[in-house]
1. Cβ-Cβ under 6 Å, sequence separation 6+ or interchain: first residue in region 8-33 and acidic (Asp, Glu), partner modelled with pLDDT under 90 and not in a helix (DSSP H, G or I). Which pairs?
2. Give me the pairs, please: first residue somewhere in region 100-113 and part of a helix (DSSP H, G or I), second residue anywhere and among the hydroxyl-bearing types (Ser, Thr, Tyr) and open to solvent by less than 100 Å² (accessible area, probe 1.4 Å), beta-carbon distance under 7 Å, and either six or more positions apart or on two chains.
3. If you check Leu65, Leu39, which single one turns out to be more than 19 Å from Met127 (Cα to Cα) and either at pLDDT below 80 or among the hydrophobic types (A, V, I, L, M, F, W, C) (or both)?
4. Pull up region 98-136, narrow it to residues that are of a type in the set (Val, Ile, Thr) and over 24 Å from Ile82 (Cβ atoms), then point me to the one that is surrounded by the fewest Cβ atoms within 10 Å (Cβ to Cβ).
5. Among what's in region 68-94 and is in contact with a helix residue (DSSP H, G or I) (Cβ under 9 Å, 6 or more places away or on another chain) and assigned to a loop (DSSP other than H, G, I, E, B), pick the residue that is modelled with the highest pLDDT.
6. Restricting the first residue to region 58-73 and requiring it to be touching a residue at least 24 places away in the same chain (Cβ under 8 Å), which pairs with a second residue that is of a type in the set (D, E, K, R) and open to solvent by 90 Å² or more (accessible area, probe 1.4 Å) meet a Cβ separation below 9 Å and a spacing of at least six or different chains?
7. Within region 80-91, count every residue that is of a type outside the set (Val, Ile, Thr) and open to solvent by less than 50 Å² (accessible area, probe 1.4 Å).
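The values are calculated or read from the model by the stated rules, or taken from the named source; none is laboratory data. Remember, predicted model here, so these are calculated numbers, not experimental data. Virtual Cβ from ideal backbone geometry, glycine too; neighbours counted across all protein chains shown. For the accessible areas, the whole protein counts, side chains as well, though only heavy atoms, and no ligand, DNA or RNA atoms are used. Shrake-Rupley method; radii C 1.70, N 1.55, O 1.52, S 1.80 Å.
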Amino acid sequence: MSLWMILPVSLPVFTITGIWVVYAMALYNQHVCPVHNWLYNESCEEQLPLQRGPVLCCTLDNIPLISKCGTLPPESCFFSLICSTGSFMVMLIGLLRYAHVIEKHQNCVLNTAGLSTGWICAAGLIMVGNFQVITT
């Protein structure tokens, strides 16, 4: 068994774990409301037991979307790191897959299209991770 087989498995393990850590950091810093609070806009009448700080109700601006969790510091730094590392791993896995397939089948248009698509997705992930916009 080659050690290169660990790379495709480590991509989802690393990124999924990282996204949950970013959500936990955003929740701890009260930048988003918890997932189990489904009373958005109605929770302003009653104080939620785990909330503290200036915002005492969950509005639609506090829904824990992935990009919303990684908008404010300190979790934005970790979100950027996760996205950049994940996109590098996508590019590396795509290149290794391309090299493996081209070794077996000399010139395949589908293989080149797969490499191009993977690299475009990796570039999009870099853009999402490093250029977060704070909307008010």
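1. Note: no pairs meet the criteria.
2. If the second residue must be among the hydroxyl-bearing types (Ser, Thr, Tyr) and open to solvent by less than 100 Å² (accessible area, probe 1.4 Å), the pairs left are Asn111/Tyr98.
3. The match here is Leu39.
4. Thr136
5. Ranking the qualifying residues of region 68-94, first place goes to Pro74.
6. Close Cβ pairs satisfying both conditions: Cys58/Glu42; Lys68/Asp61.
7. Adding up the residues that qualify gives 6.
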